[in-house]
Amino acid sequence: MIESRSNNDFAVSIRDITKRFGETTVLEDINFDVAEDEIVVLLGASGSGKTTILRIISGLEMPGAGQIILHGKDVTNIPARIRGTGVIFQSYALFPKMNVAQNIAFGLKLRRKPKADIKQTIDRLVELVHLEEHRTKYPSQLSGGQQQRVAIARALAYEPEVLLFDEPFGALDAQIRTKLRREIRTLLKEIKVPSIFITHDQEEALELGDRIAVLNAGRIEQIGTPFEVYTKPSTEYVATFLGAANLLDGNIRNGKFESREITLEIDDEYEFKDGQPVKLVLRPEDIFLRKPENLMQHYQKLTEGVIEELSFVGAFERVGVRLNMPDNAPIVVTRPKTETAAFPLQPGREVTVGVVRFRILPDLARTREHVQRAAS
Amino acid sequence: MSANLSGVRHTHGRDIVKPLSVAVLIAVMLPLVLLPLASIFIFGTSTGLASFWKSLTAPEAVFALKLSMVTSFWATGFNVVFGLFAAYVLAKYTFWGRNAVIVLISIPTAIPTAVAGFALLLLWGPYGLLGQYLSEDNQIMFTPYAIILANIFVTFPLAFGVIMPVLETMSRSLEEASATMGATRWQTFWHVTLPSLRGAIVGGALLTFARSVGEFGSTILVSGNLANRTQTAPLYIFAKFNEGQVEAANAIAIVLALFSFAIFSVLFFARDWLETD
């Protein structure tokens with residue numbers, strides 16, 4: 001998880017951060033880095049600790065242990081006001097009695113920049129965030145998206161070491177959210193300021209981040225590119241939090257996954273012991289209900305099944321399938337429109353279920369049970 | 001702004017509850033509030049405007065009005081500054097005894113004003129707990145300073161009471177944003193917090209000032225009620241009434257009543273501006 005590069009190679013380095021509130025540990029051994037023009041997304045459910053990390057990086061909270069390093073400088077004990085981070089709050093926190101230009105200028109005035117420089121910076125930034133006609137307006141006269149852009153411009157004005165976004169799209173409706181996060185990502189790539197976003201929205205994380213750190217109960221479960229964490233989740237939590245996932249219990253036998261009638265060849269990358277309890281992770285879009293015509297190399301038959309329910313969800317069809325296996329809940333399969341049109345299904349129809357991609361994870365709970373049973 | 005809380009119809013035909021309720025409201029207010037206020041104006045102008053003007057411009061009357069305004073100004077200034085400071089400290093920090101401090105600040109509202117005046121005499125009077133150590137030339141009681149002290153005491157919680165709820169509900173992310181941008185605590189307070197409290201400060205100041213101008217119970221004890229020296233407008237009304245000079249008393253009563261109307265009109269009609277964003 002921690003690359004073997006020095007702290008000086010990264011814009012932001014978080015080292016061994018731990019935080020407790022009373023008896024409750026909210027963060028434990030948090031480690032990650034952010035490169036110079038990278039966007040890292042901290043993804044997690046409410047209460048996972050992501051907001052606390054952001055507040056610690058910005059200096060609004062102190063960690064119990066660990067270090068925050070910005071551009072090679074340890075800022076752990078430096079107050080927020082001289083740390084040089086730019087924070088975009090969930091509520092944007094625009095100063096209500098200042099107009100757009102005054103909000104943007106605030107950080108520069110605090111730094112006693114010359115008036116000419118301040119004016120130049122304001123002009124550049126209102127153009128950058130496309131708010132030229134709104135510079136004399138007050139926050140209450142702006143839409144949510146416009147307020148957010150002012151918040152970004154305000155943070156950029158004083159050239160922060162890192163930009164920190166606290167669930168910036170939470171207050172916006174779905175359509176605007178999608179549009180804005182693409183615009184924000186384009187903008188951040190243009191200005192090349194290292195950025196850290198926190199969100200609970202997995203779609204947002206996948207679209208925004210160069211890398212995603214998935215948090216669960218104060219710990220980072222996995223950190224990697226969106227492709228890595230989605231296709232190769234390293235824990236059950238990551239698999240189910242980031243996208244839909246079907247889980248099947250099984251064991252490793254003779255280098256293969258086995259679960260009742262199901263046998264699947266697995267890649268050499270896995271290093272499981274024979275007999276080890278594991279979980280098979282199947283993404284709905286990687287499951288096929290007929291053998292694909294353009295045969296994919298990795299297609300393997302899973303078992304037979306029966307269609308239980310179908311629902312139209314716009315861009316795809318969601319299908320509930322009951323596998324011909326005892327004690328198994330239906331698995332969920334998604335089919336694109338092309339597949340739906342070519343191969344229409346009805347509830348009750350028998351189908352052959354196959355997969356082209358899957359992931360095997362160690363089943364720690366069953367492994368512990370086996371160990372305890374063996375010990376007793 | 002409509003006061004209609006619910007558009008639900010409760011009857012088929014004409015609903016008499018609404019006009020009846022309003023009529024009862026006015027009928028109760030009439031003898032208790034409206035008629036007494038009207039009496040001041042009716043009586044005060046009954047002998048003609050010239051007589052009214054003469055009463056109003058009498059030297060003692062002018063002095064009394066000025067003294068009321070000046071002492072109220074200083075009391076308001078102090079209480080707004082202290083109220084703002086107290087509200088800021090209590091909204092921002094938790095500490096042992098915090099609730100007790102809030103209660104203590106609010107206590108003057110519950111204490112009868114005569115008791116307040118009496119207490120000040122016991123403290124600062126010539127034989128008071130602290131007053132006994134002051135020289136004769138530096139005595140506070142029976143001077144305009146005593147009036148200011150009394151006004152401070154009785155209006156102590158007013159500005160605080162208006163400012164505190166606004167501070168408590170103010171988003172802390174504004175201050176945090178300011179801090180992350182490089183502002184010190186003072187800069188954040190001056191540039192961010194204070195502008196957002198503009199309405200509350202003005203509202204608290206107007207309330208405090210109006211209350212001070214009308215203060216009687218404590219003032220009559222601590223001032224000595226000396227004409228052209230320590231006699232405020234309410235004391236002037238009292239003195240002139242006792243002397244049988246009802247017209248003189250009435251003229252100042254009209255001025256004070258109009259002044260109160262003006263202040264409360266501002267508080268009511270400018271309330272949207274006075275409320276924070």
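Brief remarks follow.
- Check on B:Leu129, of a type in the set (A, V, I, L, M, F, W, C) and part of a loop (DSSP other than H, G, I, E, B): yes
- Top-ranked residue of region B:167-180 - restricted to ones that are farther than 18 Å from B:Ile201 by Cβ and surrounded by fewer than 19 Cβ atoms within 10 Å (Cβ to Cβ), ranked as farthest from the chain's Cα centre (by Cα): B:Ser173
- Scanning region A:45-66 for residues that are at positive phi and within 12 Å of chain B (Cβ to nearest Cβ) yields one hit, A:Gly59.
- Out of B:Ser46, B:Ser55, sole residue that is at pLDDT below 90, loosely packed, with under 13 Cβ neighbours inside 10 Å and either assigned by TED's automatic domain parsing to the domain that holds B:Thr208 or not in a helix (DSSP H, G or I) (or both): B:Ser46
- Residues in region A:136-175 that are among the basic types (Lys, Arg) and under 24 Å from A:Gln202 (Cα atoms): A:Arg149 only.
- Residues in region A:184-220 that are within 8 Å of the chain's Cα centre (by Cα) and outside any strand (DSSP E or B): A:His200, A:Asp201, A:Gln202, A:Glu203, A:Glu204, A:Ala205, A:Leu206, A:Gly209.
- B:Val192 assigned to a helix (DSSP H, G or I), more than 7 Å from chain A (Cβ to nearest Cβ), of a type outside the set (Gly, Ala, Ser) and crowded, with 22+ Cβ neighbours inside 10 Å: no
- Here B:Val222 qualifies as out of contact with any strand residue (DSSP E or B) (no Cβ under 7 Å at 6 or more places or on another chain), part of a helix (DSSP H, G or I) and away from chain A (no Cβ under 11 Å).
- Taken together, the residues in region A:48-63 that are assigned to a loop (DSSP other than H, G, I, E, B) and under 15 Å from the mean Cα position of the chain (by Cα) amount to 2.
- Exclusive hit being part of a helix (DSSP H, G or I) and out of contact with any Ser or Thr (no Cβ under 7 Å at 6 or more places or on another chain), set B:Ala210, B:Ala227, B:Ala249: B:Ala249
- Options B:Ala114, B:Ala183, B:Ala150: the member that is touching a Leu at 6+ places or on another chain (Cβ under 8 Å), touching a residue at least 60 places away in the same chain (Cβ under 8 Å) and surrounded by 21 or more Cβ atoms within 10 Å (Cβ to Cβ): B:Ala150
- Restricting attention to region A:140-178, the residues that are away from chain B (no Cβ under 14 Å) and under 24 Å from the mean Cα position of the chain (by Cα) total 11.
- Conditions (1) in a helix (DSSP H, G or I); (2) more than 11 Å from chain A (Cβ to nearest Cβ); number of the one not met by B:Gly217: (1)
- Qualifying residue in region B:193-213 (condition: closer than 20 Å to B:Phe82 by Cα, assigned by TED's automatic domain parsing to the domain that holds B:Leu167 and of a type in the set (Lys, Arg)): yes
- On the stretch given as region A:243-289, residues that are in contact with a strand residue (DSSP E or B) (Cβ under 7 Å, 6 or more places away or on another chain) and either polar (S, T, N, Q) or in a strand (DSSP E or B) (or both) total 24.
- A search for C-beta distances below 6 Å between a residue of region A:128-139 that is under 18 Å from A:Leu187 (Cβ atoms) and more than 14 Å from chain B (Cβ to nearest Cβ) and any residue that is buried (at least 19 other Cβ atoms within 10 Å of the Cβ) and of a type in the set (D, E, K, R), counting only pairs 6+ apart in sequence or on different chains, returns A:Val129/A:Arg149; A:Leu131/A:Arg149.
- Only listed residue being loosely packed, with under 14 Cβ neighbours inside 10 Å, at pLDDT below 95 and farther than 24 Å from B:Pro165 by Cβ, chosen from B:Asn99, B:Asn138: B:Asn138
- Residue within region A:112-126 that is in contact (Cβ under 8 Å) with a residue 60 or more places away in the chain and buried (at least 16 other Cβ atoms within 10 Å of the Cβ) present: no
- Hey, A:Val306 assigned to a strand (DSSP E or B), surrounded by 17 or more Cβ atoms within 10 Å (Cβ to Cβ) and either touching a strand residue (DSSP E or B) at 6+ places or on another chain (Cβ under 9 Å) or free of Cβ contacts under 8 Å to residues at least 40 places away in the same chain (or both) or not: no
- Per the conditions (1) among the basic types (Lys, Arg); (2) farther than 22 Å from B:Met170 by Cα; (3) within 12 Å of chain B (Cβ to nearest Cβ), the sole criterion not satisfied by A:Arg124 is (3).
- Scope region A:67-116; condition at the interface with another protein chain (Cβ under 8 Å from one of its Cβ atoms) and either aromatic (Phe, Trp, Tyr) or not in a loop (DSSP other than H, G, I, E, B) (or both); matching residues: A:Ala80, A:Arg81, A:Ile82, A:Thr85, A:Gly86, A:Val87, A:Phe89, A:Phe95, A:Phe106, A:Gly107, A:Leu110
The values are calculated or read from the model by the stated rules, or taken from the named source; none is laboratory data. Everything numeric here is computed off the predicted structure, so don't read it as measured data. Positions of Cβ are generated from backbone atoms using ideal geometry, with glycine treated the same way; all protein chains shown enter the neighbour counts.
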